[in-house]
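Structure first, commentary second.
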2 protein chains.
Amino acid sequence: MPSSPDVKDPSNPKNLPRVVVIGAGFGGLSVARGLNLAPAFVTVIDKTNHNLFQPLLYQVATAALAPSDIAVPVRGLFTDMPRVGTLMGEVEGVDTERKVVRVKGTPEIPYDYLVMATGSVYSWFGHDEWAEHAHVLKTLDQALALRSSLLAAFEWAESRTDPNEIRKLLTFVVVGGGPTGVEMAGAIAELAHSTLARDFRRIQPTWARIVLCEGGPSLLAGFPQHLSDYARRHLEDLGVEVKTGCQVEAVDRDGVVAGGERILSANVLWAAGTAATPVADWLGAEKGKGNAVRIDEHCAVIGHPDVYAVGDCTYMEDGRGRRLPGVAPVAKQQGEHVAKVLMRRLIGEPLPAPFAYDDQGQMAMVGRSAAIADLGKIKMTGVIGWLLWSIVHLFFLIGARNRITVYLNWVWAWLTYGRGARLITSIRPQTREEFGYLDSVADHRQALRVE
Amino acid sequence: MPSSPDVKDPSNPKNLPRVVVIGAGFGGLSVARGLNLAPAFVTVIDKTNHNLFQPLLYQVATAALAPSDIAVPVRGLFTDMPRVGTLMGEVEGVDTERKVVRVKGTPEIPYDYLVMATGSVYSWFGHDEWAEHAHVLKTLDQALALRSSLLAAFEWAESRTDPNEIRKLLTFVVVGGGPTGVEMAGAIAELAHSTLARDFRRIQPTWARIVLCEGGPSLLAGFPQHLSDYARRHLEDLGVEVKTGCQVEAVDRDGVVAGGERILSANVLWAAGTAATPVADWLGAEKGKGNAVRIDEHCAVIGHPDVYAVGDCTYMEDGRGRRLPGVAPVAKQQGEHVAKVLMRRLIGEPLPAPFAYDDQGQMAMVGRSAAIADLGKIKMTGVIGWLLWSIVHLFFLIGARNRITVYLNWVWAWLTYGRGARLITSIRPQTREEFGYLDSVADHRQALRVE
C-alpha cells in the first residue's frame, strides 16, 4: 500500500468528454453498455450498489429466490470497460447551467452529457398517509421486509389463541390487479396452501384469506380480455378472492376498507399505481402526463439538448398518440437509442433515425405452471405460457451465475413445492420484545426497519 | 376456510409427555430429531425461524454465499414428524417449580422435560461499551450488516478525496485469532485483493490494510504449533498483518488501540471471546467456569433432574479434567445423548452409559485452496486440507438444496475469483442522507439497523 494514496482522478486521464448516467436500472445500464467503445468517460450513479431484476422481485418477496439471484453489483458489470466508472451515492440535484451533478458527500461531478434514468415511485393517489400501512415492492429491502412479514404472520398465528387475531394475521390484501398484484396474489396463495401446508400443527395454512382488489373492470388491463379472464379463473382456483371494480377507501393499521367492506389484515401490499420520479422538477423541464418529463424523438429532454431521459421517468407517445408503457423493454430500447445518439454526437456524425418502440408483447405469471403471454398475433396461457415466461426471464437475467441458480431454484421448487428462502430476518430484537408480535403493517415496517 | 378457526391445541391429542427444547442450533435440533419416534410431544422454541449453519456464516459476511444457502426454516425440518412442533418466540423465563416456559405473547408452555440449548453470546471482557463500535458474527442479520459495511467501505472510499478518510475506510481490523478471526481476515484480504481489484477506477483495493490482532502467543490456540504457523504464513502471504501477543486497549468510533498502536478503522470485527448464555441464572442452578451451567454425566442440570442442557451454554469436563470446547460436534453429540436418555426414561428403561465426547478433530479455513486440519494423528494443510474442509462442511450442511447451491457457488468462485452476493442492503435512506457516508462502526450499525 502506498503511504499516501494518490486520489487524483486517474480514471479519465485523456480528459474525454464526460457522460453521466443517473440510475442503474434497465435504461441506465443499456446507455452505459452502448457507450463501451465511445470516446467518452461514462459515470453511472446509483443509490444502491446493485442492478435489480425487478420482474422477479416478487419471487424474493415470496421466498422462492434469494436476493443475490436477481441482483448483481453494478460495478462488476463494467469490470472490462475501463472507461465506465461507478459511483454509489444519492443525487441531490442537477445544475444544468454549470453542467454538474451534486452527489451527497462527494465533490460535484461535471458532465458534458447527462442521462436521467431514475425510474418511477409508488403513487398513493393523494393518500400519502397510507404508505405507512402498506408494503410496496420496488427494492430488495422492501422485498425482504415483505418476505419476513408474510412468514412471520404464519409463525405468530401458530402461537395465538384468539380467533380474531389469527384471522387478521392470516388475511393478505393485495391492492392493484396489474402484473405485480397478480403475481403476488398467486404466489402468496401457493405459499399458504401448499408450501406451508404441512409444516404447521395448530393453524391450517388453508385458513389464509388472500384478497386481490382491482379498481378497474378486469385484471391486467392492457391484456386481451380472454387472457385476463384466464388469469382471474386461475387465481380463483388457487383460492384468491378477486374483486374487480373495487375501490380502496382506506388503508390503516387494521387493514383496508375496500368496496365498502372492512377487511382486517396484518399484511397489505400496495401494487396499485406508479408515478414518474420528478425529473422534470429537478431540471425545470416540461412535463407530460403523470409528472413525467417530456422527451423528443431522440429521448432528449425538451429545452435541454445535452440532457437525455429514458424509461419510466419519461413521457413519450407512440405513432398513434398513446403513451409508451413503463416497462423494461421501453427503458432498454430507449437506452440503446440514447447510446447510439451520443456515439454519433461524440464522433461528429449525423443522428440516427428517431426512436421507435419495437413492442415484443407482454407476459404475466399467474402461478405454478400458469402464465399468460400476448405476443401480438400469438396468445398463450397455461403451461406453454409459463414455459415461455420462464425462458424469457432467464434470458433477460444478467449473468450466467444468476441464470443457473434461478433455473435450479425453479426446477427444485417445481419438483418439491418447496421454497428455498423461507427466512425471517431484520426484525429488531427490542421491537419483538415490545410487541410480542406485530399486528399491523405499521408495526411490521417499524420492526422490520423499512422506510 | 372454517368461519371460526378451531385454535384448541390439536397437536398433542393423546396428551403425550411434553418435551420442550429451547434453541434450534446444532444441540437443540439433535435432541428433537432423536426423539422422532419417542412417545412424547416435542416443542422446539427459537427466537428466529431458522437453523443457521454458523461455520459458514463468515462466507455470508464476505459475499461468497447467500443467507438462504446456510439457513433452513426450523419448521421445515420437522414436516414429516407430526409429534414435533415449532414455535418462533422469545423465551422470557422458566419456572422449574410449576414446570412451565414463559414465551412473550403466548400462553405458558408446560413441560415434563426441558432441554436448554441456548448457545453462547459474545463477551467483551468487561468493556460492554465496545459493543457499539464493533461488528460481531452470530446471526444472519449481523452477517448481512457486516457484508454491507465491508462493501460500502470500498464504495465510499472510491468517491472521497481526503487520503486520511480513504485510509480509514480501507482499514479492516479483526480482533481475535480463533477460527472465525482467521477465516474473516483471510476472506477480507481475498475480497480486497482479488475479487474487487478490477472493479474500481480511483482507489486500488490493494490499498486495503487488514490487521488481525490476537492476544495470545499464536493464532488458532488449540491447534498444533506447525499448523498455526502455517496459517500465519498463509495469511501474511494474502497481505494480512498478523499481530500476536497484541492486547486491544480500546475500541471506539475511530477504530482500535491495539498493542499501543492507534489504528484508524471504519470496520472493526470482534471475534475475540464468547461466554455461555446465562442458563444457570435463569434456572437458579450451579455454575462452572465462564458462567456456564454445570451438567452431570447425562447432561442433566445439577439439582434439576428433569432439565437438561447441551452445547455452548454448558460446563462439562472430559476424563482429564479439561472443559469440553464450545464447538458444534460437542453440542450435537450431547443432543443425541439427551435424546437417548429421554427416550429411555419415557419408555421406562435403564439409562444408557454416561456421555463421552468422541473428538473427531478440528479444522479451520485460511483462504482460497488453503485450510488446516488436525485429526489426531493426521494433520493436513494447503489444498488437501481445503478439500477435506469443503467436503466435511458440505456434508454437515442441512438439506440437499443447500448442499448443491453451496457447492456450485464454491466451484463458481474458485473458477472466477468472483463472489456472487456483493449486495449492500438494509442501509436506512435517512441515515445515508444524514451522513453522506458513515465513518465509524457505530454509524454503520445505526445505519444498517444492527442491534
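The values are calculated or read from the model by the stated rules, or taken from the named source; none is laboratory data. Nothing here was measured: the structure is a model prediction, and the numbers come from that model. For neighbour counting, all protein chains shown are included, and Cβ atoms are generated from backbone atoms with ideal geometry for every residue, glycine included. For the accessible areas, the whole protein counts, side chains as well, though only heavy atoms, and no ligand, DNA or RNA atoms are used. Shrake-Rupley method; radii C 1.70, N 1.55, O 1.52, S 1.80 Å.
Odds and ends about this structure:
- Packing around the peptides B:185-194, B:39-48, A:413-422, taken as the average count of other Cβ atoms within 10 Å per residue, puts them in this order, highest first: B:185-194, B:39-48, A:413-422.
- Peptides B:65-76, A:341-352, ordered by how many other C-beta atoms sit within 10 Å of their residues on average, highest first, read B:65-76, A:341-352.
- Per residue, the average separation of C-alpha pairs within less than 8 Å and at least 6 apart gives segment A:210-314 a relative contact order of 16 percent.
- Net charge of neighbours whose Cβ lies under 12 Å from the Cβ of A:V94, counting Lys and Arg as +1 and Asp and Glu as -1: -3
- Set against the 2.2 N^0.38 Å expectation for a compact globular protein, segment B:132-183 has a Cα radius of gyration ratio of 1.28.
- Karplus-derived HN-Hα couplings along segment A:281-288 (A = 6.51, B = -1.76, C = 1.60, θ = phi - 60°), whole Hz, x at Gly and Pro: 5, 4, 8, x, 10, 6, 10, x
- Surface exposure of the protein assembly as shown, expressed per residue as accessible area with a 1.4 Å probe, stands at 39 Å².
- Angle in degrees between helix B:382-396 and the longest Cα principal axis of chain B, rounded to the nearest 10: 40
- Counting, for every residue in B:85-94, the Cβ atoms of other protein chains within 10 Å of its Cβ and taking the mean gives 4.
- Both numbers refer to the Cα atoms of segment A:63-156; Rg and Dmax are 18.5, 56 Å.
- With Cα atoms as the point set, segment B:1-140 shows a radius of gyration and Dmax of 17.5, 56 Å.
- Vicinal HN-Hα couplings computed from phi for segment A:189-202 (Karplus, 6.51 cos²θ - 1.76 cosθ + 1.60; Hz; Gly/Pro x): 4, 5, 4, 5, 8, 10, 4, 8, 4, 8, 9, 10, 10, 9
- Interface burial in segment A:190-207, defined as at least 20 Å² less accessible area with all protein chains than with the chain alone at a 1.4 Å probe, covers A:R198, A:D199, A:R201, A:R202, A:W207.
- Computed P(r) (all Cα pairs; segment A:280-358; 10 Å bins; percent): 19, 53, 25, 2
- With N as its number of residues, chain A has a Cα radius of gyration that, divided by 2.2 N^0.38 Å, comes to 1.03.
- Amide H within-cut-off set for B:K287, under 5 Å, with H built and near neighbours excluded: B:R294
- When the Cα positions of A:Q247, A:P205, A:P179 are compared along the charge dipole of segment A:164-269, A:P205 comes out farthest toward the positive end, with charges on each C-beta of Lys, Arg, Asp and Glu.
- Rounded if a/c under 1.5, otherwise prolate or oblate - the protein assembly as shown, Cα gyration tensor axes: oblate
- Mean separation of Cα pairs under 8 Å and 6 or more residues apart, divided by the residue count, gives chain B a relative contact order of 19 percent.
- Interface size A-B, as summed buried accessible area [1.4 Å probe, Å², nearest 100]: 7200
- Whole-Hz couplings from phi, Karplus 6.51/-1.76/1.60, listed for segment A:222-228; x for Gly and Pro: x, 8, x, 4, 6, 6, 4
- Accessible surface of the protein assembly as shown [probe 1.4 Å, protein heavy atoms]: carbon and sulfur percent: 53
- Over all other residues within a Cβ to Cβ distance under 15 Å of A:D80, the charged ones net out to +4, with Lys and Arg as +1 and Asp and Glu as -1.
- Shape category assigned to segment B:254-387 from the gyration tensor of Cα positions, a/c cut at 1.5: oblate
- Net charge dipole size for segment A:307-401 [Lys, Arg +1 and Asp, Glu -1 on Cβ; Debye, nearest 20]: 140
- The value of relative contact order for segment A:3-135, using C-alpha pairs under 8 Å at least six residues apart, is 29 percent.
- Dipole in debye (nearest 20) - segment A:227-353, about Cα centre, beta carbon charges: Lys, Arg +1; Asp, Glu -1: 280
- Amide H contacts for B:R209 (H built 1.01 Å from N in the peptide plane; partners 5 or more residues away or on another chain; cut-off under 5 Å): B:T171, B:F172.
- For peptides B:99-112, A:219-232, B:167-180, sequence by mean Cβ density within 10 Å, most packed first: B:167-180, A:219-232, B:99-112
- Working note: 222 nm ellipticity from helices only, DSSP H runs with n ≥ 4, each -39,500 (n - 2.57), summed and divided by the residues of the protein assembly as shown, gives -9500 deg cm²/dmol to the nearest 500.
- Cα gyration tensor shape of segment B:173-269, rounded if a/c is under 1.5, else prolate or oblate by comparing a/b with b/c: oblate
- The GluC sites (Glu not before Pro) of segment A:51-105 that DSSP puts in a loop, and whose beta carbon has at most 11 other beta carbons within 10 Å, are A:E97.
- Size of charge dipole - the protein assembly as shown - debye, nearest 20, with Cβ of Lys, Arg +1 and Asp, Glu -1, no other charges: 1840
- Farthest towards the positive end of the charge dipole of chain A, among the residues A:A275, A:I166, A:G222, is the Cα of A:G222, using unit charges on the Cβ of Lys, Arg, Asp and Glu.
- Residues along segment A:52-68 losing 40 Å² or more of accessible surface when the other protein chains are present rather than the chain by itself (probe 1.4 Å): A:S68
- For B:W412, the shell of other residues with beta-carbons less than 10 Å away shows a net charge of +2, using +1 for Lys and Arg and -1 for Asp and Glu.
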